[in-house]
Amino acid sequence: MYLHPLIAKVPPAERAALVQCSELRSYRRNDVVLNADEWTDRIYCVAGGLLRVVAHGREDGGDVTTDFIRQDDFFLSPSFSEDRYQAMQTLVAALPSSVYLVPVAAVRKLCGQYPEVAIGLLGLAMKRMSVIRGQLRRISALSSEDLVSRVLHQLTQLAPAVTGGYDKRITQSVIASYSGLSREVVNKTIRDLESRGLVRRDEHGVHVDADFAATDFGGLLPVEENLSHIEPHQGNPMFAPDMLDGSRGSADRTGKTGRP
């Protein structure tokens, strides 16, 4: 059954119907999930792994990572008035990822029938905007070292490694893209932090000092505090495995969905 808090009160029959019209796809690291300017009629819900949202610059190498979509979080259109939308940014797998493609029309129907679903989606959109504003504020206000340190700490939450820290497959290029710094500056800063014992690596991940969190800006906005209980990563997976068994084939490495 659906276990995601966003649709916890939706009747089981309608949950099952939503599963039947959704697809589960898998992507390798650096695979493109959705291209900018591409039209789609799906909402993208991360079942596992991590996606990044990329805005393309006018010059080569000018791409910027504006946001991350982590497990149980969504990528959807800023406007929810139509059953399809044109993506303004590119969605890329930052790590090997499994993604549910959920029809916009089906979710819009649920929003019309169950106001709590619409309120939940609004809360998620507000939270994402708050995260983006916070990152822009950090880029404009923090020194290179403080900015890189804060991004490294954030990655421990977005892409946690099995031994702690963050997944070492998150490259310095991605960190540079998200922090608004050059890769050279990021590399120099991380090496300096390593030399001071604030960053260390093992075979699974990159471990950072817990004090990095102190560089973050204040808490949630009041309205976000009221909606914080619906934050996806705090709940159970949106699609429970037993709902998919027998109804969908496993996704292959090319992102296609097999069917029995």
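Charge tally around GLU14: other residues with Cβ under 15 Å, Lys/Arg +1 each, Asp/Glu -1 each, net +3.
With R₀ set to 22 Å, the beta-carbon distance separating TRP39 from ILE139 gives a calculated FRET efficiency near 0.10.
In a fully extended conformation the segment linking ARG191 and GLU116 would gain 22.3 nm over its present Cα-Cα distance, using 0.36 nm per residue.
Once the Cβ-Cβ distance between LYS109 and GLN157 is put in as r, and R0 is 35 Å, what FRET efficiency do you end up with, to the nearest 0.05? Don't jump to the answer; show the numbers that get you there.
Numbers: r = 33 Å, r/R0 = 0.94.
The computed FRET efficiency comes out at 0.60.
Label segment 1-136 by shape, choosing from rounded, prolate and oblate, from the square roots a ≥ b ≥ c of the eigenvalues of the Cα gyration tensor; if a/c is under 1.5 it is rounded, and otherwise prolate applies when a/b is larger than b/c, oblate when it is not. Taking the square roots of the gyration eigenvalues as a ≥ b ≥ c, segment 1-136 is prolate. Under 5 Å from the amide H of VAL33 lie the amide H atoms of LEU91, VAL92, ALA93, each residue being 5 or more positions distant or on a separate chain, with H modelled from the backbone and absent for Pro and chain starts. Applying 1/(1 + (r/R0)^6) with r as the Cβ-Cβ distance of ALA55 and MET126 and R0 = 25 angstrom yields a FRET efficiency of 0.80. Working note: Karplus 6.51/-1.76/1.60 with θ = phi - 60° gives segment 153-161 the couplings 5, 4, 5, 5, 8, 7, 9, x, 8 Hz, where Gly and Pro are set to x.
Based on alpha-carbon atoms, the Kirkwood radius and the radius of gyration of segment 142-217 give Rg/Rh equal to 0.92.
Every number in this text was worked out from the coordinates using simple rules, so none of it is lab data. Given the structure is predicted, the values throughout are model-derived calculations rather than measurements. Using ideal geometry, Cβ is built from the backbone for each residue, glycine included, and neighbour counts are taken over all protein chains shown.
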